[in-house]
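None of the figures in this text is laboratory data; all of them are computed from the coordinates on show. This structure is a prediction, so every number in the text was calculated from the model and none was measured. Neighbour counts run over all protein chains shown; Cβ positions are idealised from the backbone, glycine included.
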Amino acid sequence: MSPPQSNRTYDLGFARWVRDNVDGGDRMNMCMQCGVCSGSCPVGDQMDNGPRKTFMMIRAGMKEAVLTSDTIWNCVSCYNCVVRCPRQVPVTYILHELCTLAVEEGYVNPKDVENVRFAKAFWWSAQKYGKTDERLVTAKFYFSGGIGDGIKKGMAQKDTAMAMIKKGRLHLGMPYKVKNRGGLQKILAKAKEIEAAKQGA
Ligand code: SF4
Ligand code: SF4
């Protein structure tokens, strides 16, 4: 179900919708704005608002400001905030669901979000090889924004890459992979089947 449509900057209908429809949204009422989540966030300085302020904005009904914010996309799912929140607010889940909502509502094109492109590159390697090969993930991510962007990003990091190779931190052989990749594919296919059954239920 989609949230209510409104042109108002402050629309409490949005706050109520998040409370009732976002997984963990009902716990937001318990947030006491202590700021432990934002203070514990390792990437807080990469976020425009951070989780504490985001929850206040949601409660104020600031739909557009929340769904166009980079806070929801820059969360790296470390769960520090969830572990430390004194009110057991599932911060991470809420932020992630807001990302989905931002896409569904047309506020964001996922192709424009670097974190989405990185997550896709990471998942591609994980499901193909059963491991994440840092070279392939990096290359896939770099070129996900186009050839020019990939070359630019690669050139910017070439000194770091060379230093890592010299120190043995970046290997040059075949990709890392699990032994039984056929078994891995069966597990993934089964997981997809279970997920599809859940969605259809
Ligand atoms: S740590 Fe929990 S209670 Fe404190 S501001 Fe963050 S979400 Fe709210
Ligand atoms: S889970 Fe996300 S919001 Fe929470 S501390 Fe980690 S990066 Fe920050």
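Numerical summary
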read-out: In degrees, nearest ten, helix 181-200 long axis to first principal axis of the chain (Cα); value: 20 degrees
read-out: 24 Å Cα-Cα reach of LYS158 towards lysines, excluding residues that sit fewer than 8 places from it in its own chain; value: LYS120, LYS131, LYS140, LYS166, LYS167
read-out: Nearest-20 debye value, the chain charge dipole, Cβ charges on Lys, Arg, Asp, Glu; value: 1020 debye
read-out: Residue exposure sequence - VAL103, VAL83 - by fewest surrounding Cβ within 10 Å; value: VAL83, VAL103
read-out: Fully extended contour minus Cα-Cα distance, from LYS167 to GLN185, at 0.36 nm per residue; value: 3.1 nm
read-out: Sequence of ILE165, ILE194, ILE58 once ranked by neighbouring C-beta atoms within 10 Å, starting from the fewest; value: ILE194, ILE165, ILE58
read-out: Charge dipole (the chain, unit charges on Cβ, about Cα centre) - positive-most of GLY106, LEU184, MET174; value: MET174
read-out: Helix-only [θ]222 nm of the chain, DSSP H runs n ≥ 4, -39500 (n - 2.57) each, per residue, nearest 500; value: -17000 deg cm²/dmol
read-out: Cut-off under 5 Å, modelled amide H: who pairs with MET62 long-range; value: ASP11
read-out: Farthest toward positive dipole pole in the chain [+1 Lys/Arg, -1 Asp/Glu at C-beta], among GLY154, GLN88, SER40; value: GLY154
read-out: Rotationally averaged projected area of the stretch 132-178 (alpha carbon convex hull; nm²); value: 3.5 nm²
read-out: Gained length - GLU114 relative to LYS198, 0.36 nm times residue gap less alpha-carbon distance; value: 27.3 nm
read-out: Unpartnered cysteines - no second Cys beta carbon under 4.7 Å - across the chain; value: CYS31, CYS34, CYS41, CYS75, CYS78, CYS85, CYS99
read-out: Residue order, fewest to most beta carbons within 10 Å, for GLU97, GLU195; value: GLU195, GLU97
read-out: Overall Cα dimensions of the stretch 12-108 - principal axes, largest extent first, Å; value: 30, 25, 19
